1. Looking at region 35-46 only, could you name the residues that are farther than 30 Å from Lys19 by Cβ and surrounded by fewer than 16 Cβ atoms within 10 Å (Cβ to Cβ)?
2. Mind checking which residues of region 6-49 are modelled with pLDDT under 90 and among the acidic types (Asp, Glu)?
3. Looking at Glu56 and the list (1) surrounded by 12 or more Cβ atoms within 10 Å (Cβ to Cβ); (2) of a type in the set (D, E, K, R); (3) within 17 Å of the chain's Cα centre (by Cα), which single condition is not satisfied?
4. Please enumerate the residues belonging to region 47-92 that are touching a helix residue (DSSP H, G or I) at 6+ places or on another chain (Cβ under 7 Å) and under 24 Å from Asp21 (Cβ atoms).
Amino acid sequence: MTADQEAVESLETLDFLAKADYTYELEVEVLNNDKFVGGYKGAWIVPWSELMNANEIVFHVASKEKANEEESFDLLNNLATYSSLVPAPEIK
């Protein structure tokens, strides 16, 4: 098993706070061979009633394919702004 697979498997179970409605401050960074390629940063307000029976949560990320170093830095530095342009996490 690769380190990437281990990292993904460790995220398969998330613990949610207090079994109540809560605002989660999310920060997700996607790396490819130690290079930042995308992510998500923002507040996620979700009611416990939606989380308690969730089987899956899909986290959408802002990314730019084949970004040069300057573009990657811009994306990382302005991640919260770019994150506002992608859908909120989806509960399935």
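1. The first filter runs over region 35-46 and keeps only residues farther than 30 Å from Lys19 by Cβ, leaving 35-38.
Once the filter is applied, which keeps residues that are farther than 30 Å from Lys19 by Cβ and surrounded by fewer than 16 Cβ atoms within 10 Å (Cβ to Cβ), region 35-46 yields only Lys35.
2. Across region 6-49, the qualifying residues are Glu6, Glu9, Glu12, Asp15, Asp21, Asp34.
3. All conditions are met except number (1).
4. Looking only at region 47-92, we keep the residues that are touching a helix residue (DSSP H, G or I) at 6+ places or on another chain (Cβ under 7 Å), and these are 62, 64, 67, 75, 82, 91.
Selection gives Ile91 alone.
The values are calculated or read from the model by the stated rules, or taken from the named source; none is laboratory data. The model shown is predicted, which means the values in this text are computed figures rather than measured ones. For neighbour counting, all protein chains shown are included, and Cβ atoms are generated from backbone atoms with ideal geometry for every residue, glycine included.
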